[in-house]
Amino acid sequence: MSVRNVLVPSPARILKSEDMTDIEKHIELEILDKEFAKRFVYKPGQFVEVGVMGVGEAPISICAARKKEDLLELCVRKVGRVTNAIHRLKPGDILWIRGPYGNGFPMENMEGSNLLLVAGGLGIAPLRGVLQYALTNREKYGTITVMYGIRCYTAMLWRDEFLQLFYEGDKNNVEFFLSYEDPSDKQCYELQCERSDRCMSGVVTKLFELKEVKPENTYAVICGPPIMYKFVVQELMKRNFDPRKIYMTLERRMKCGLGKCGHCIVGSGRNMKFVCKDGPVFTYWDALMTKGMI
Amino acid sequence: MTNTQKPKIGIFSLTGCGGDQLMILNLEPILLDLLSRFEIKDFQEASSYKEEEAELDIALVEGSVSTKTDLEKLKKIRERSKMIIAIGDCAIGGCVQAMRNGQMSMEERMRKVYGVDVDYYDVLEPKGISSYVNVELEIPGCPIEKSQVLHAITSLLHGDMPEEIDYPVCVECKLNGYPCLLVEKGLPCLGPIITAGCDARCPGLGLDCIGCRGPIRDESNVAAELEVLLEKGYDEEYILNRLRFFGGNFEDIQKLTKRISEKSKGRRNSHEEDS
Amino acid sequence: MYKVLPKENLQSLFEGLRKIGDVYAPVKISGLSHDFRKVNSISEVDLEYTRTMIPPKKFFVKPRETLFEFDEEKLQYAEVQNGGGLNVILGMHACDINGLKVIDAAYINENPDKYYMQRRESTLIIGVSCTPDEYCFCRSMGADYAVDGFDLFLHEIGRGYFVRIGSEKGLRVIEENSSLFEDASKEDIEEFKENERRKAESFKLELDISGLQDMLDLAWDHPVWEETAEECFGCGTCNLVCPTCRCYDVADYVELDLKRGERLRRWDSCMLRKHGLVAGGLNFRPTRVERLRNRFNCKGSLVNGLLNCVGCGRCTLYCPAEIDFVKIMKRIRGEP
Amino acid sequence: MKRIVEVEELTRVEGHGRIEVTIEGTEVKEVKMNIFEGPRFFEAFIESVHYEKVPDIMRRICAICTASHSLASIRTIEKAFGVDVTEQTKVLRDLLIHGEIIESHALHVFMLALPDYLGFPDAISMASKYPKEVKAALQLKHAGNMVHNVLSGREVHGMNERVGGFSTIPSEKSLGEIKRAMALNKAAAELAVDLFSKVEIPKYAESENALMALDPGEKFGFIGDYVLVSDGTRHPVEDYLELTNERTVKHSHAKFSSYKGSSFMVGALPRVLLNRDKLEGTAAWLYEKHEGLLTSSNTLMNNLAQAIELVHSVDRCIEDIDILLSNGLKDEGLVEVTPREGRGVGAVEAPRGILYHDYTFDEEGCILKANVITPTAQNAANMEKDYRVAAKRLVREPDEKIVNALEMIARAYDPCISCSVHLTRIR
C-alpha cells in the first residue's frame, strides 16, 4: 500500500546555529531529502515538528518566509528536553523534521490592507515570517506597523535586522515600535532617547500610546506569551477592530501536529479545536467562540 | 558528555535494604557494557576501589537519611557531585521505615526494638534525601525498575534529563488490559494514587497495589482513596496503615492521619461525655 | 440482502473465519470483565457478553506500539511491520463499531495514519447484537444501531442469527460459506424487527443530548467540576476504556550505544497532569478541575460532525471513584 | 604503645560496617565490629498490620535475600494460623529459595569474594583478565534471577508468593526457560568450586567454631522446622531464643547472638558440614573431593561451601521444575486462611544462614508483636571472634596486612548488614 507514513520524519542538516540570546538560537537547516523538500511548501505562521533522535519532537514555528526550496529557518528557545538537545547540536549535525503543519497566516486575505504586527518576546519569530513575506511582496500591503515588546536589549531577537527597521523602516513604509520591560536597561534607554516617538519602557501595549492605531482597512496579527493576548486584544477592541481581522497564533502542546494525539485540544463542547490543525492561527472571533482559547 | 570524557559516577547507599544498587547489578547481560561507560569513583557494594575526594558528575544515592552518619555522608556527596539522583523510595520519601513517622516517636521505636534510650545511637526520623539537600532527579520504586534506570542513564549519557513518570499505576494496568481489582473485586488497590513505571506488576499477578512506588507528589488524591476504601468496607486503621506502608512521609497522608486521629479523639471525648 | 445463520452452524462459520485469519472474540477474563482475545475454538467465545473493559479500538490504535526504529549513524528510520494478513474480530457491539467510526474520522479522513489504515483494512468486523444493562445509554447517543462500519452483523433470533451484510468483504464470507446461511424468511424478519423494538424499550438509562454542546458551554464555570475533582483520582481510566478516546503520547528510547533506538507511542489520557503541559512548565489544564471539564466537553462535542461519546457506559462502570458520566451530564443540563 | 587498626568501611558487602582493633604492644585489647547502617525498626512499625500484607513489608528488610524473608514471614504466619499448603506450593517454594541461593551466591562468590584472591578491587576491573569467570558469574546470577522473576514477580521484593500459596502460577514455558538456563550454567557453578578449591585460603582465622543449620529433612535444602547444632543436639525452631540469646551492644546497630555463652556460626559452611549426608549428585561428589579443605575451624572456607551449594541448587532447580512439569501445573488458588489469635515461629536458611521470624497475632490477624533474627546478627559475635584470632596471629604484621585479613574474614561470612539492624528486643 502506498500510503506515506506521516509519522516518519525527514533528516535536515544544520547549516547555521547562532546564539541570538542566552536562550534563543537561530537555526538554518538544509532539508536533505530533495523530494521531501519539494513538497515542503510553507507559509508564515506554520510550524514544523523538530526531532532529536532519542529525545523526542517539539513544535517549532518557522521564522522566515520561504526563499529556497530546501532551506528552513527556525528560532529555538531552550525550554525543554528537545529544545535543550537542539541547542547542543552544531552545524553539520542532523535534526529530523516533519511538516509543515498548521494553517499559517492567510497572507492573501490580508492583501491590500495595512498590517499591525504585535509581538512579545519569542512571539516575534512567526511574525518575522509575515514581515518578510510582506516586504518581499511590498506592493500588496499598505502601511506595516510593528510593535515589538522585549524584556531588555539583550533579549531582542534578530537585533541587527530589527534595529535597521527601527531606524530606517519608514523608507519602506514600515513603522517599527519597541517597548522594553526593564526600565534600568541602558541600551534600550538610549534607543528611547534617540527615538522617543518609537520606543518606550513598559509592556507592549504601552506602544498604543505612541501610535494611533485605526481599525480601517487594517489586520492585526499578534503573537506572544499567553498573558499578552488579552491585553493587546483589549486595546484593539477599544479601537473598534473587527474580531475577524485580529489574527493570533497560539501555543499548545502540539505533539503530533496532525490532529491526532489530542494534546492541543481547546474549547468547550460547543466548539472544540485542535490548535495544531485548526490553528495555530486563529482570529479573535474564534477565541470568542472557543472557551479557554486565550 | 557524548563522546569526550566518560562521566564520573559514584553509587552510594544510606539506610535501606540495598535493593536499588542490587537492581543495577541485576542488569546482568549489559552490566559490564553499562559500567564501562562511566568512570566509577565509588561503589561500596561492588568495589573496594574508591576516590573519596573525586568530583562526580553523577551520584546515585539510595537509602533514607536515618542517622546523623547518613546525613554527614549525604552532605559530603552533595559537595562533590554535580548531579544527585535519588534511586528508590528510601531516598525519595523514606519508604517503609518512614511508615510510622509522625505516629511513633524515635524514643518509642528505640525502646521497642532495642530496649535502649534514643541517644544510644545517632538515629534520626527517616526521611528522603531531598529533605536535606538539593536533588536533581528521583527514580521511584521499591525497588527501582531496571528499564527506568536504563532509560535515565541513556538519557543522561545523551545529555538530556530523563522524563519523569507522573501518572498512576491505573494507566499501565489498563494498557495491559488487567481486570480492575478495585472496581471488580473491591480489593484495596492503591493503583489510582501510586506512581506508575512498574507496568502494573502486582495487578498483573492478581494482587492489589500496595503502593511501593509511592504517591505522585502534588497530584495524588489520597483523600479520595480513603473515601473509596471506606465505602468498600475497610476500616480507617487498615486503610491508613496501607497508605502509610510507602507513604509515611507524604504530606497529604500525614494530613489525613492527623485529621483521622483528631476525629477519633473527638469521638472518644464525646463518648466520654455521653457516659 | 439479509441472511440467517442457524445456531448449529455458528461453529462451522467460526471454522470458516479461522481460514481467513486469526479470530479475536470476547472472552470472559474475570467476574465482571470480558476482553477481546485471540481464540482458537468457539467454546472460548462468550457472545452473550455485555461489554469488554478495553474496547476493540485496541486492535487499531494499539495501547503501545513502536512507530519506528532509528539508527542515527546511518541516518535511517525503519518502519516496523505491523501484522499483515487478514484478521477477524467477531462479536463487536454496535456502540464499539460506532466508536471506531469516530476514530476513523480522525485517523483516516485527514493525514491518514498508515498503521491505523493498514490495520483497519486488514480486519474483518463481525458485529453481534446485545442487551443493554443499567450502564448502557448508547440509544441516547444514537449509537445503539450500527448502520455501517462492519462487514457482517449478527442479530440474535430464536433459531440463530439474523445477518446483515455491511461490505463486499462480508458478502464474500457469506459466499464462501454459503451452505451455512439460509435466506431470511418473513418470520425471521418479523422476529428481528420485534427484537430491535424490544431492545429499544429496554434501556434503563437515558441522556437527553439536545443542545448538549451549548449546555456544556454554559456550564464552563459550573460547581460540578470542582466538586467532582474532589472525588476524581485523575487516573485516566475513563479515557483508556473509552471507545472513542484516542489521545496518544510519544517517547524515544535509545540503546546504550546512543545511536540506535525507537520511538514509541502509547495511549494517553487528558486526565493526566502532563497532557496540557507545554515546554517551560506552563500547564493549560493544571488541576483536575480543568481536566474534568475538558474531558466532558470533549465527549459532548461534535468533532468532524460526530459525537465523541457512544454511550457504552465503560467510563462510569470502571471509574474507581464511581464518577457517573450520565449523572454529571444531567446535572449540567439542570435535570434533577 | 596503643595501636588502632581500622577497616574504615567494609566494601563489597551489603550494608555499612567498620572494624576496629585496638592493640597494645603485641596484645589485642579490643575488637569491635561497628555497624553504622541506620536501624529501621521493622518490628516496631509492623504492629497492627494485617497478616495478609505482613510478608510484603517484611521482605523489604533485605534485597538480596528478599525471598528468604518473604518465605520465612509466610511460613511464620501459616504456622500461627495452622495453614497447610499444597505439594505444588511446596515445590515452587523450594524452587524459589534455590533460585535465591544461586542469585546471591553467584554474586558473592565470584564478584565480591573472588577479587580478593585474584588481586582486584572488583569484578568489573577483573573482567578484562578473567572474562570467563565474570561472564560465568553474571550468567549464573541471571539464571537465579530468572527464578525470582518468574515465581516471585521480580528480582527484588517480588510479591507473587503469598500466605497459602502463589497468587499466579508460572507458565510451563517460563519454567522451561529457567530449566534451560540452569542446565547451561551448571558448568559456571562447578567453575566456582574449582576456583575456590585451588586458591590458597589463609588460615589466620582458624579456631573452633560452633555451627548451626536448619534440618532440611530428607534432602539437602533450605527450609526446615528444626535446628541442628554441631554439639549434636537438635531443637525445634520455636526454641530460637535460647539458641541465639541476643543482646544489644553500644558500638553497633545490630545485636549480637550467643549459644551457651559463646559465639556460633550459621551459613553455607555449617549447612554443608551439618547436612553433608544429604548432598546428592555432583554436589555430593564435589564435597567428597574437597572434604579435606572444608573444616569447621576455618570460616574462610565458607566460600567453597557456597560454591558447592551453587552446584547443588542448580541441580535442584532442574529437578523441581521436572517435578512441576511432570505433575502438570495446576492453578490452585490460595489455600483459605482463617486468622486466629496466637503465635508462630518460622525459619528458613537464607543464603547467609538461619533466618527466624516470630509473630504474635490478635484474633483478627493483625500483628501484636514481631521479632526477626537474621543470620548476620547471629554471626556477628563469631566474626568478632575471628577478627580477634586473626589479629593476634598477625599482630606483628603491618596495619595493611591486618586490615586486609579483617576484610577477607568479614567478606567470607557474606554479611548482610542491612538485614542485621532491625532486631527486636526479647521481651
Response to the item:
C:Phe296 fails exactly one of (1) under 22 Å from B:Arg217 (Cα atoms); (2) more than 7 Å from every other protein chain (Cβ to nearest Cβ); (3) within 23 Å of the chain's Cα centre (by Cα); (4) in a helix (DSSP H, G or I), namely (1)
Discussion item. If I ask for residues that are more than 9 Å from chain C (Cβ to nearest Cβ), in contact with a strand residue (DSSP E or B) (Cβ under 9 Å, 6 or more places away or on another chain) and either over 21 Å from B:Ile92 (Cα atoms) or in a strand (DSSP E or B) (or both), which ones from the range B:173-204 would you list?
Written reply: B:Ile194, B:Thr195
Item to complete: Test B:Val135 against the stated conditions and say whether it is touching a strand residue (DSSP E or B) at 6+ places or on another chain (Cβ under 8 Å), outside the structural domain of B:Glu231 (by TED's automatic domain parsing) and surrounded by fewer than 21 Cβ atoms within 10 Å (Cβ to Cβ).
Response: yes
Fill in: Enumeration of residues in the range C:78-107 that are crowded, with 21+ Cβ neighbours inside 10 Å and outside any helix (DSSP H, G or I)
C:Val88, C:Ile89, C:Leu90, C:Gly91, C:Met92, C:His93
Practice prompt. Could you grab me the full set of residues in the range A:7-20 that are buried (at least 18 other Cβ atoms within 10 Å of the Cβ) and either within 12 Å of another protein chain (Cβ to nearest Cβ) or touching a helix residue (DSSP H, G or I) at 6+ places or on another chain (Cβ under 6 Å) (or both)?
Written response: A:Leu7, A:Pro9, A:Ser10, A:Pro11, A:Ala12
Worksheet, complete the sentence: For the range C:61-77 the number of residues that are assigned to a loop (DSSP other than H, G, I, E, B) and either of a type in the set (S, T, N, Q) or surrounded by fewer than 21 Cβ atoms within 10 Å (Cβ to Cβ) (or both) is 6
Practice prompt. Among the candidates C:Cys238, C:Cys232, single out the residue that is more than 12 Å from chain A (Cβ to nearest Cβ), crowded, with 23+ Cβ neighbours inside 10 Å, more than 17 Å from the chain's Cα centre (by Cα) and among the hydrophobic types (A, V, I, L, M, F, W, C).
Written response: C:Cys232
Item to complete: From the list D:Ile77, D:Ile57, D:Ile19, pick out the single residue that is of a type outside the set (Asp, Glu), under 24 Å from B:Leu187 (Cα atoms), more than 10 Å from every other protein chain (Cβ to nearest Cβ) and touching a helix residue (DSSP H, G or I) at 6+ places or on another chain (Cβ under 7 Å).
Response: D:Ile77
Fill in: Members of the range D:22-45 that are more than 7 Å from every other protein chain (Cβ to nearest Cβ) and either under 20 Å from the mean Cα position of the chain (by Cα) or assigned to a loop (DSSP other than H, G, I, E, B) (or both)
D:Gly25, D:Thr26, D:Met33, D:Ile35, D:Phe42
Worksheet item: Any idea which of (1) more than 14 Å from chain B (Cβ to nearest Cβ); (2) in contact (Cβ under 8 Å) with a residue 12 or more places away in the chain; (3) in a loop (DSSP other than H, G, I, E, B) is the one D:Asp331 doesn't satisfy?
Response: (1)
Item to complete: Keeping to the range B:1-21, report how many residues are among the polar types (S, T, N, Q), under 19 Å from B:Ala91 (Cβ atoms) and more than 9 Å from chain D (Cβ to nearest Cβ).
Response: 0
Worksheet item: How about the range B:22-78: which of its residues are within 11 Å of another protein chain (Cβ to nearest Cβ), in contact with a Pro (Cβ under 6 Å, 6 or more places away or on another chain), without any contact (Cβ under 8 Å) to a residue 60 or more places away in the chain and in a strand (DSSP E or B)?
Response: B:Ser47
Response to the item:
Across (1) within 14 Å of chain B (Cβ to nearest Cβ); (2) in contact with a helix residue (DSSP H, G or I) (Cβ under 7 Å, 6 or more places away or on another chain); (3) surrounded by fewer than 16 Cβ atoms within 10 Å (Cβ to Cβ), C:Arg51 clears everything bar (3)
Worksheet item: Do we have any residue at all in the range D:332-347 that's of a type in the set (Gly, Ala, Ser), within 30 Å of D:Val150 (Cα to Cα) and under 17 Å from the mean Cα position of the chain (by Cα)?
Response: yes
Worksheet item: Scanning the range B:112-122 for residues that are more than 8 Å from chain D (Cβ to nearest Cβ) and in a helix (DSSP H, G or I), which turns out modelled with the highest pLDDT?
Response: B:Asp119
Worksheet item: Would you pick out the residues in the range D:167-200 that are basic (Lys, Arg) and closer than 17 Å to D:Lys132 by Cα?
Response: D:Lys186, D:Lys198
Response to the item:
Checked the range C:1-48 for anything among the small types (Gly, Ala, Ser) and either within 13 Å of chain B (Cβ to nearest Cβ) or under 18 Å from C:Glu175 (Cβ atoms) (or both); matches are C:Ser12, C:Gly16, C:Gly21, C:Ser30, C:Gly31, C:Ser33
Worksheet item: What number goes with the only condition from (1) at the interface with chain C (Cβ under 7 Å from one of its Cβ atoms); (2) of a type outside the set (A, V, I, L, M); (3) touching a residue at least 12 places away in the same chain (Cβ under 8 Å); (4) at positive phi that B:Glu219 does not pass?
Response: (4)
Worksheet entry | Condition broken by B:Arg244, with the remaining ones in (1) in a helix (DSSP H, G or I); (2) surrounded by fewer than 24 Cβ atoms within 10 Å (Cβ to Cβ); (3) modelled with pLDDT under 95 satisfied | (2)
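The values are calculated or read from the model by the stated rules, or taken from the named source; none is laboratory data. Note that the structure is a prediction, hence the values are computed from the model and not measured. Positions of Cβ are backbone-derived with ideal geometry, glycine not excepted, and every protein chain shown enters the neighbour counts.
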